[in-house]
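Engineer: Let me give you the structure first, and then I'll get to my questions.
Read the figures in this text as sums done on the coordinates, not as results from a lab. Source: prediction; values computed, not measured. Because the Cβ atoms are built from the backbone with ideal geometry, glycine has one as well, and the counts that use them run over all protein chains shown.
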Amino acid sequence: MKKTKTLLLIATFFTISHLSKAQYNKGSKFWLAEGTFIGSFYSSSLTSDVYDVQKNNHNITLAFKKAYFTEKNIAKGWLLSYNVIYTSQSSTTSTTKNTYIDNYNHTLNGAYFIDKFIPLSKSLAVYGEVLGKIGFGFNSGKGVTSTHEIHIGANANVGIRYFINKQLFINGQTSLADISLKSLTADSKTSTNININSLMTVSTVSIGIGKSF
């Protein structure tokens with residue numbers, strides 16, 4: 001009887017161990033839906049003129065990723081994302097209220113990425129990611145100049161993944177660096193610029209939920 005229990009415990013241990021590793025083995029796949037939200041509000045007053053300025057800024061990103069493990073702990077896949085930045089600014093005096101900025105900046109991105117995972121336990125892993133992207137952006141609103149942009153770029157990201165069970169997981173990710181080349185058209189004039197952002201300016205965290213299969 002004792003021998004049977006011992007064999008059962010050993011079998012259970014190896015089954016759990018296999019499930020924890022299978023999620024990162026060659027041939028495994030996963031999808032991930034994630035989002036990021038940043039919001040801010042600013043208000044100032046000049047009492048001598050009863051003059052108020054209010055600014056609102058909201059930044060929302062939604063993304064979908066799908067990947068395939070080409071070898072153990074290394075996944076390659078694609079990403080589609082949509083980002084909208086809403087900015088409004090209004091001024092108020094004792095007699096009038098005038099909203100003179102009301103802007104929506106939309107961006108659509110497609111990307112190819114490579115993830116390298118380091119499992120820490122049967123349910124927890126950290127990873128690094130390199131990503132190449134191409135996208136298109138435009139804005140709409142009142143009191144702003146209409147613009148269109150095309151951009152290409154790359155990101156270096158790090159993240160953490162926790163498996164709730166053998167298939168479902170939650171994911172957190174932040175960006176270490178972001179570089180992009182943009183071609184911006186406004187009032188029939190086109191300009192090209194390079195943007196480089198480090199951890200200090202892109203240190204937001206995206207939260208997602210996914211499934212491994």
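Engineer: What number comes out for the charge environment of S81, summing +1 per Lys or Arg and -1 per Asp or Glu over other residues with Cβ under 11 Å away?
Structural biologist: The answer is +1.
Engineer: Further question: Please order T61, T204 by the number of other Cβ within 10 Å, starting at the fewest.
Structural biologist: Lowest to highest Cβ neighbour count: T204, T61.
Engineer: Another question about this same structure. Which whole-Hz couplings ³J(HN,Hα) result when phi for each residue of segment 72-85 is put into the Karplus expression 6.51 cos²θ - 1.76 cosθ + 1.60, θ = phi - 60°, listed in order with x for Gly and Pro?
Structural biologist: Going residue by residue, I get 4, 6, 10, 10, 10, x, 10, 9, 10, 9, 10, 10, 10, 10 Hz, with x marking Gly and Pro.
Engineer: Could you calculate the contour length gain from I134 to N25, that is, 0.36 nm times the residue separation minus the distance between their Cα atoms, to one decimal place in nm?
Structural biologist: Length difference between fully extended and current span is 36.3 nm.
Engineer: Pulled fully out, how much extra length does the chain show between I38 and T192, if you take 0.36 nm times their separation in residues and subtract their Cα-Cα distance?
Structural biologist: 52.7 nm
Engineer: Please list, ordered by chain and number, the residues whose modelled amide H lies under 5 Å from the amide H of K72; skip anything fewer than 5 residues away on the same chain.
Structural biologist: So K72 has HN proximity to K26.
Engineer: Run the numbers on segment 112-213 and let me know its relative contact order in percent, using alpha-carbon pairs under 8 Å that are six or more apart.
Structural biologist: This gives 23 percent for segment 112-213.
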